[in-house]
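To keep things clear, I will list the structure first and then write my remarks on it.
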Amino acid sequence: MSGFTTKPEPVQVPGLTHLHTGKVRELYATAAGELVMVASDRVSAYDWVLPTEIPGKGRLLTQLSLWWFEQLADLVPNHLLSDVPPPGAPADWEGRTLVCRRLEMVPVECVARGYLTGSGLAEYRAGGTVCGLPLPEGLTDGSRLPEPLFTPATKAEVGEHDENIPFEAVAARHGAALAERLRGLTLDLYRRGRDIAERSGVILADTKFEFGLDSTGTPVLADEVLTPDSSRFWPADRWRPGAPQPSYDKQHIRDWLGSPESGWDRSGGTPPPPLPDAVVERTAGAYREVYRRLTGDAAPA
Ligand code: PZK
């Protein structure tokens, strides 16, 4: 297990009901029944929420998600209602708050993979498949897949890893029609994101979407989209299949936590130590760089 070193106390706002503390976000409901997602500057690595924040991360990921929702809007309706914090919200919620339609969430992580790594690579090494889908021989960590795959997963309990499941399990649980629709949407969204990122010299290796159903049963794109917290982004000019690829955002954190300087034993069950200022700065710079590359604009202040 793992998680928080100390779980943060959520900010209380009159008129909002706090629903949930995620690893890096807070979820509230308005009296009118809308949802309010507030992104913090918290960061996770190796399944821990680190004791050190990355200044500006919450705003940057929120603005990136908003930008992507626009890029994807013609493919599927989404849950966004507003980016204006509710009345009475703290001033520092500006830019990191999304007001959303409350949906009946489909409890399936809709993952698309265009490259082989992570849990997909582990399953491939064990038996040549990913989510039961057969793949050609000879693929390695970071290989581009012949076609993007829909590799659904079930959300695990807090502290556990999501479990990859076959498409048939989604169909059995949620009906073939919805399963096929989610697969089609996930792959369409992935291909759009991949193509946009590719033009910026960024590889979108894989990503996770979440969908909810509106009152008519129509799938609606929810959660955050195509952020570094829901996706693997790799700098294209450093792509070398055969070993773990450097991650755009968290590489400096992982490198430092894995180095003798941190003094941390990843498998020892003890929480990770605070990050040095230089690692915080480099990580904040990496987030700004991926934002600038993808959107073409300077990162939000
Ligand atoms: C919903 N989460 C995850 C998000 C957190 C946790 N549109 C929606 N309708 C109903 N439920 C959700 C959504 C969305 N998105 C999302 N849990 C429920 C989550 C943000 C912060 F702490």
- Cα convex hull of the stretch 17-80: mean projected area in nm², to one decimal? 5.6 nm²
- Quick one: which residues, 5+ away or cross-chain, put their amide H under 5 Å from the amide H of Arg102? H built at 1.01 Å from N. Leu35
- Place a +1 charge on the Cβ of each Lys and Arg in the stretch 1-156 and a -1 charge on the Cβ of each Asp and Glu, then give the dipole magnitude about the Cα centre in debye, rounded to the nearest 20. 200 debye
- Item | Integer Hz, Karplus 6.51/-1.76/1.60 couplings in order for the stretch 287-301, x for Gly and Pro | 4, 4, 5, 5, 4, 5, 4, 6, 8, x, 10, 4, 5, x, 5
- Query: What's the carbon and sulfur percent of the stretch 6-66's accessible surface, probe 1.4 angstrom, rounded to a whole number?
  - Reply: 54 percent
- Message: What's the magnitude of the charge dipole for the chain around its Cα centre, counting Lys and Arg as +1 and Asp and Glu as -1 at the beta-carbon? Answer in Debye, nearest 20.
- Response: 380 debye
- In the stretch 43-100, the GluC sites (Glu not before Pro) that fall in loop regions by DSSP, at most 15 other Cβ within 10 Å: Glu94
- Task: Choose one of His252, Pro235, Ser65: the residue whose Cα lies farthest towards the positive end of the charge dipole of the chain (beta-carbon charges +1 Lys, Arg; -1 Asp, Glu; about the Cα centre).
- Result: Pro235
- Message: What's the magnitude of the charge dipole for the stretch 59-105 around its Cα centre, counting Lys and Arg as +1 and Asp and Glu as -1 at the beta-carbon? Answer in Debye, nearest 20.
- Response: 120 debye
- A correct Karplus calculation of ³J(HN,Hα) over the stretch 56-71, with 6.51 cos²θ - 1.76 cosθ + 1.60, θ = phi - 60°, whole Hz and x for Gly and Pro, returns x, 4, x, 5, 4, 5, 5, 5, 5, 4, 4, 4, 5, 3, 5, 5
- Once both label points are put 7 Å beyond Cα along the C-beta direction, the Glu261-Asp47 separation in nm becomes 2.7 nm
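Determine the per residue accessible area of the chain with all protein chains present and a 1.4 angstrom probe, expressed in square angstrom. Write down the numbers at each step before the final one.
Details: 14090 Å² over 301 residues.
For the chain, the per-residue accessible area is 47 Å².
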- Among Ser143, Ser40, Val170, which residue has its Cα positioned farthest towards the positive end of the charge dipole of the chain, with +1 placed on the Cβ of Lys and Arg, -1 on the Cβ of Asp and Glu, and the dipole taken about the Cα centre? Ser143
- Message: Going by amide H atoms built from the backbone, whose H comes under 5 Å of the H on Thr5, apart from near neighbours?
- Response: Val49
- Phi-derived 3J(HN,Hα) across the stretch 173-188 with the Karplus relation (6.51, -1.76, 1.60, θ = phi - 60°), rounded Hz, x for Gly and Pro, is 7, 10, x, 5, 5, 5, 4, 5, 5, 5, 5, x, 5, 4, 6, 4
- Task: Give me the percent of the accessible area of the stretch 107-237 that comes from carbon and sulfur atoms, probe 1.4 Å, all protein chains in place.
- Result: 49 percent
- Query: Which of the lysines could be linked to Lys155 by a straight reach, that is with a Cα gap under 17 Å, when you skip same-chain ones fewer than 8 residues away?
  - Reply: Lys23, Lys208
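Plugging the Kirkwood radius over Cα pairs into Stokes-Einstein for the chain, at a temperature of 37 °C and a viscosity of 0.692 mPa s, what D comes out in µm²/s?
Details: Rh = 20.1 Å.
For the chosen part, D equals 163 µm²/s.
Add +1 for every Lys or Arg and -1 for every Asp or Glu among the other residues with Cβ under 13 Å from the Cβ of Leu19, and state the total.
Numbers: positive: Arg25, Arg102; negative: Glu26, Glu34.
Once all neighbours under 13 Å are counted, the net charge is 0.
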- With -39,500 (n - 2.57) per DSSP H segment of 4 or more residues and division by the full residue count of the chain, the 222 nm estimate, nearest 500 deg cm²/dmol, is -9000 deg cm²/dmol
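The values are calculated or read from the model by the stated rules, or taken from the named source; none is laboratory data. Fair warning: this is a prediction, and the values are worked out from it, not measured in the lab. Positions of Cβ are generated from backbone atoms using ideal geometry, with glycine treated the same way; all protein chains shown enter the neighbour counts. Each accessible area value is taken on the protein alone, full model and side chains, heavy atoms only, with ligands, DNA and RNA left out. Shrake-Rupley method; radii C 1.70, N 1.55, O 1.52, S 1.80 Å.
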